């Protein structure tokens, strides 16, 4: 799993490819349509697409004549899970910090005598 | 890419899409001064920093502008060392570098800000700038591998004993 995720992150490290992915979130598009906003050749766009395809981020239908590029949203779910694990680990660290801070609070503001703590 | 939760007290992580940055936000029931102390007092820091399930030993600690720090984390005879410099320690900010000694050429620039929310609450804004996307993502990935289960066990125990 982490191998695929490495490819995903490597693929998304390039600003043009991130842009293309952003474009594909709205709808499928042909290579020509994807190339339009950029000052690059269709060949260069195809090269970027191959990287995205290898990472499993996009797929191209074999049947249709215009072979539109399709975004594979499930891969993003995988990444979200990955970051969620990192987040949980940070959260565990912060809960230990909560305990330390609660102690500091008690030292600085000891409960007054006669009141329940 | 952001993961959030409805529980506002829990940590929020954001991996920036255009820069190799990880941003973390978390609210605490403490003042900025207390949060600063928990980050700069070595004994307090060692109690919570982790990684999960590991014993932290402070080797070097000079929490002032230009001072340096080094600590080790160990478990079952395995030991990992981390070091860096406190570039700036202010009332509500810490700017520091962070290096894992297993990869001595890699360094992250960390900025921690303590935002006073009033009523004894403070929001921590932590930003880590890594020197490449590859480095950033390897770092994120490490969250999966290092002691996740041990950390949960420790947390469960703390929850059960009412410490959390």
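Only the coordinates and a few stated rules stand behind these numbers; no lab work does. This is a predicted model, so every value here is computed, not measured. Positions of Cβ are backbone-derived with ideal geometry, glycine not excepted, and every protein chain shown enters the neighbour counts.
Once you average over the residues of B:40-47, how many Cβ atoms of partner chains fall within 10 Å of each Cβ?
Average per residue, whole number: 2.
If each residue of separation counts as 0.36 nm, what is the full-extension length gain between residue B:76 and residue B:41 once their alpha-carbon separation is subtracted?
Answer, rounded to one decimal: 10.0 nm.
Multiply the residue separation of residue A:70 and residue A:46 by 0.36 nm, subtract the distance between their alpha-carbon atoms, and state the gained length in nm to one decimal.
7.3 nm
Counting other C-beta atoms within 10 Å, which of A:26, B:56 has the fewest, and how do the rest follow?
A:26, B:56
Treat the count of other C-beta atoms within 10 Å as a stand-in for reagent exposure and order A:86, B:80 from fewest to most.
So the residues, fewest neighbours to most, are B:80, A:86.
Roughly how many nanometres apart are two label points built 7 Å out from the Cα toward the Cβ at residue B:57 and residue A:102?
It works out to 3.0 nm between the two label points.
By per-residue mean of other Cβ atoms within 10 Å, what is the highest-first order of B:122-128, A:38-44, B:58-64?
Final packing ranking: B:122-128, B:58-64, A:38-44.
Let me know the shape class of segment A:2-72, please: from the alpha-carbon gyration tensor, a ≥ b ≥ c as square roots of the eigenvalues, rounded when a/c is under 1.5, otherwise prolate if a/b is greater than b/c, or oblate.
Oblate.
Taking the Cβ of each residue in B:24, B:99 as the centre, tally the other Cβ atoms inside 10 Å and list the residues starting with the fewest.
B:99, B:24
If you take the square roots of the eigenvalues of the alpha-carbon gyration tensor of segment A:9-117 and sort them as a ≥ b ≥ c, do you get rounded (a/c under 1.5), prolate (a/b over b/c) or oblate?
prolate
Taking only C-alpha pairs under 8 Å that are 6+ residues apart, what is the relative contact order of chain A in percent?
23 percent
How well do other chains shield peptide A:98-108, expressed as the mean number of their Cβ atoms within 10 Å of each residue Cβ?
Per residue, the number of nearby Cβ atoms from other chains is 6 on average.
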